[in-house]
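Chemist: Supplied in structure tokens, the structure appears directly below.
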Amino acid sequence: RHKNIRSEQEKILNGRQTNLPFSTNALRVIAGRYLQRDDNGEICESPEDMFERVAGALASVEKNYEKSDAEVEKIENEFSEVLNNFEFVPGGRTLTNAGGKTRLVSNCIVLHFEDSMDGIFSTLRDAALLQQAGSGLGFGWHLLRPAGTRTTKTQGQASGPVSFLRAYNESFGVIKQQGRHGANMGVMRVDHPDILEFIDAKWEEGSLVNFNISVGLTDEFMTAVKNRSPEPWLCEWKGQKMKPRRIIRNSRGSFVQSVDESITASELMDKIINAAWRNGEPGVLFPDAANRSNPVPALGRLEATNPCGEQWLHDGDVCNLGSINLAKFVTQAGQIDEKRLIRTVEICTRMLDNVIDLSDFPVEKVNKTFRNNRRVGLGIMGFADMLYQMRIPYNSNEGFATGRKVMKLVNDTAHAYSEKLATEKALFPNWEISIFGPKGQNRKHRNSALTTIAPTGSISMIVDCSSGVEPFFALAYYKEVMGGQKLMYLNPYLETELKKLNLNTDEIREEIQKTGS
């Protein structure tokens, strides 16, 4: 059996082997997405080489801060340890590019556009360069004037945000990044007059395949829904209140006319729900809630998120992600190893802060904003695994309490360590105008933001843990990745229990795989 495993590894890794406890599924994902390749497209490193490359590249940043060779080596060993122990995985672009031949970019960026033809297409140019480099993007389409609005220069009529969303979608369809298309998020506030057209933009399967879309639900809207207000919902553009409009277009997609619709907030919410039920989109976001925790309000409102919706960002800012695998922090006695978790949070905060120094984006606005804010998006995955090991039901008061306890520890430790890094290195350049500055909390910080919960799709697959804070939705399932490859998963804790009870038979496993339960 050992010989067969080795043979399978060599097949996946182009003749290489690994001594780390990766599953076959994990190796397929790593080989497909993260290992370096030579000029002929052949894999030219092992998973151990990959971790060594990443740890070495991120530790080398410390030389810029007058660290001795011995100090740099110690930091590199700490970085290597958390990677090789499967305790932490940085974001996909960092894993792929740190120390490699391709410039390092963090995963996702938000871009705004000026409400003009020049603004829309200069942003598209920047977006195309960033997509090509490997970044996903988020856009706030409510920043553009409604369809049918008079344009100043040509005295014509604006075609509206959804038409430009479609143009961006087509452009991104021809850009491949390291073997795959980049992800994008389109956001529109519920108080934009073109919201009805936006909600229906992905009604048909196969529409806007290069975008996720989400509606920004404001506090005012949610209050009207909650109170079942009988009044028609009113949108707003440039201070003028108006009803949402149905947009009529010709066969070429050009604007023909708009028709005002009288619709209550509750009815509009039903439209969002029906569209999401039919085709999974749009999602929903809460911009007012996000802006209540805006770390640098002087830079303006937060208008959009990255493609998976976990981080609201200013124009040109970047989510710089990495996640701690909580499955690795449960003791034999079924308790959380808090001491080790705290130390790991500190190591990983330093790692992600170093990603900022090493990153190089093809758009200067992004480099500047990213470095001025020094955002860190340290998150978690494997929470469901942690609960299984502690024998705590996910949907229970004890489950909620465990989540609160773990995230308080991660959040408090990351913030405290950011203060230490500020003393050791420097404050983030926008500190003075941030909530941490002298007019706010007056806390010396290295980073404007520190924690976030990402869905951790591929990186959780690498270390075979549950995604983000999600439960397991089935005990056995197939996951389709990398252009249609189907990978079979069986819950490892279930497998352990079946073995204990002497029930690990082919018949039982096949039945579980059939039903997922």
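Chemist: Show me, for the range 43-54, the HN-Hα J-couplings you get by feeding each phi into the Karplus relation (A = 6.51, B = -1.76, C = 1.60, θ = phi - 60°), rounded to Hz, glycine and proline as x.
Modeler: 4, 10, 8, 8, x, 4, 4, 4, 4, 5, 4, 5
Chemist: Next question, about the same structure. What does the accessible area per residue of the chain come to in Å², with a 1.4 Å probe and no ligands, DNA or RNA counted?
Modeler: Accessible area per residue: 46 Å².
Chemist: Now a separate question. What number, in percent, do you get for the relative contact order of the range 305-442 if the mean sequence gap of Cα pairs under 8 Å and at least 6 apart is divided by its residue count? Before the final figure, lay out the partial values.
Modeler: On the way: 143 pairs, mean separation 40.0, N = 138.
Computed over the range 305-442, the figure is 29 percent.
Chemist: Once ligands and nucleic acids are excluded and a 1.4 Å probe is used, how much of VAL355 is accessible, expressed in Å² to the nearest 10?
Modeler: 0
Chemist: Rounding to the nearest 10 and keeping the result within 0 to 90°, find how far the Cα-based axis of helix 265-279 lies from the longest principal axis of the chain.
Modeler: 50
Chemist: Residues with amide H under 5 Å of LYS67's amide H, sequence separation 5 or more or different chain, H placed in the peptide plane at 1.01 Å from N; which?
Modeler: Here the answer is none, since no amide H 5 or more places off falls under 5 Å of that of LYS67.
Chemist: Given Cα pairs under 8 Å that are at least 6 residues apart, what percent is the relative contact order of the chain?
Modeler: Dividing the mean separation by the residue count of the chain yields 14 percent.
Chemist: When the accessible area of the range 293-375 is computed with all protein chains present and a 1.4 Å probe, what percentage of it is carbon and sulfur?
Modeler: On the range 293-375, the fraction of accessible area on carbon and sulfur atoms equals 48 percent.
Chemist: Which whole number in µm²/s is D for the chain by Stokes-Einstein, with the Kirkwood Rh taken over Cα pairs at 4 °C and 1.567 mPa s?
Modeler: Calculated translational D: 52 µm²/s.
Chemist: Using modelled amide H (1.01 Å from N, peptide plane; none on Pro or chain starts), what sits under 5 Å from the amide H of GLY138, excluding residues fewer than 5 places away?
Modeler: ILE109, VAL110, LEU111, MET185
Chemist: Now, a different point. Amide H neighbours of GLN157 under 5 Å, at least 5 residues apart or on other chains, H built in the peptide plane: list them.
Modeler: Here THR151 satisfy the definition.
Chemist: Turning to a different aspect of this structure: If you take every DSSP beta bridge fully contained in the chain, what fraction is antiparallel? Give it as a percent rounded to 5.
Modeler: 55
Chemist: So, one more: How much length is gained if the chain between ARG6 and GLU432 is pulled fully straight, taking 0.36 nm per residue apart and subtracting their Cα-Cα distance, in nm to one decimal? Walk me through the numbers on the way to the answer.
Modeler: Values: separation 426, 0.36 × 426 = 153.36 nm, distance 5.54 nm.
Extra length available between ARG6 and GLU432 comes to 147.8 nm.
Chemist: A further question follows. Could you report the accessible area of ARG150 in Å², rounded to 10, computed with a 1.4 Å probe on the protein chains as they sit in the structure?
Modeler: Estimated to the nearest 10 Å², ARG150 gives 150 Å².
Chemist: Filter the cross-link list LYS328/LYS420; LYS202/LYS368; LYS3/LYS479; LYS241/LYS368; LYS101/LYS202; LYS63/LYS405 down to pairs whose alpha-carbon distance in this structure exceeds 31 Å. Could you put the intermediate results ahead of the total?
Modeler: Working: LYS328/LYS420 26 Å; LYS202/LYS368 34 Å; LYS3/LYS479 27 Å; LYS241/LYS368 36 Å; LYS101/LYS202 37 Å; LYS63/LYS405 36 Å.
Listed pairs above 31 Å: LYS202/LYS368; LYS241/LYS368; LYS101/LYS202; LYS63/LYS405.
Chemist: How large is ³J(HN,Hα), in whole Hz, for each residue of the range 467-477 in order, when computed from phi with the Karplus curve 6.51 cos²θ - 1.76 cosθ + 1.60 and θ = phi - 60°, using x for Gly and Pro?
Modeler: 6, x, 9, 6, x, 7, 7, 7, 7, 8, 6
Chemist: Can I ask one more? For the range 171-271, with only Lys/Arg (+1) and Asp/Glu (-1) charged at the beta-carbon, what is the dipole magnitude about the Cα centre, in debye rounded to 20? Please list the in-between numbers first.
Modeler: Numbers: 14 positive and 14 negative charges, 77 e Å.
That gives a dipole near 360 debye.
Chemist: Between GLU231 and ASP412, what's the calculated FRET efficiency when r is the beta-carbon distance and R0 is 45 Å? Round to 0.05.
Modeler: With a Förster radius of 45 Å, E is 0.55.
Chemist: Counting Lys and Arg as +1 and Asp and Glu as -1, what is the net charge of the other residues whose Cβ lies under 14 Å from the Cβ of PRO287? Present the calculation step by step, with values, prior to reporting the outcome.
Modeler: Values: positive: ARG189, ARG292, ARG301; negative: ASP191, ASP219, GLU220, GLU236, ASP288, GLU303.
Combined, the nearby Lys, Arg, Asp and Glu give -3.
Chemist: How much mean residue ellipticity at 222 nm does the chain get from its helices, if each DSSP H run of length 4 or more adds -39500 (n - 2.57) and you divide by all residues, to the nearest 500 deg cm²/dmol? Let's see the in-between values first.
Modeler: On the way: 18 runs with 212 residues, N = 517.
Dividing the helical sum by the residues of the chain leaves -12500 deg cm²/dmol.
Chemist: For the range 186-195, in order, what is each residue's ³J(HN,Hα) by Karplus, 6.51 cos²θ - 1.76 cosθ + 1.60 with θ = phi - 60°, in whole Hz (x at glycine and Pro)?
Modeler: Result, rounded to whole Hz: x, 10, 9, 5, 5, 9, 8, x, 9, 4.
Chemist: Which whole-number percentage describes the relative contact order of the range 1-86, with Cα contacts under 8 Å and a sequence gap of 6 or more?
Modeler: After rounding, I find 21 percent.
The values are calculated or read from the model by the stated rules, or taken from the named source; none is laboratory data. Everything numeric in this text was worked out from a predicted model, so none of it was measured. A quick note on method: Cβ atoms are made from the backbone with ideal geometry, for glycine too, and the neighbour counts reach across all protein chains shown. The protein model used for the area step is the full one, side chains on, heavy atoms only, and it has no ligands, DNA or RNA in it. Shrake-Rupley method; radii C 1.70, N 1.55, O 1.52, S 1.80 Å.
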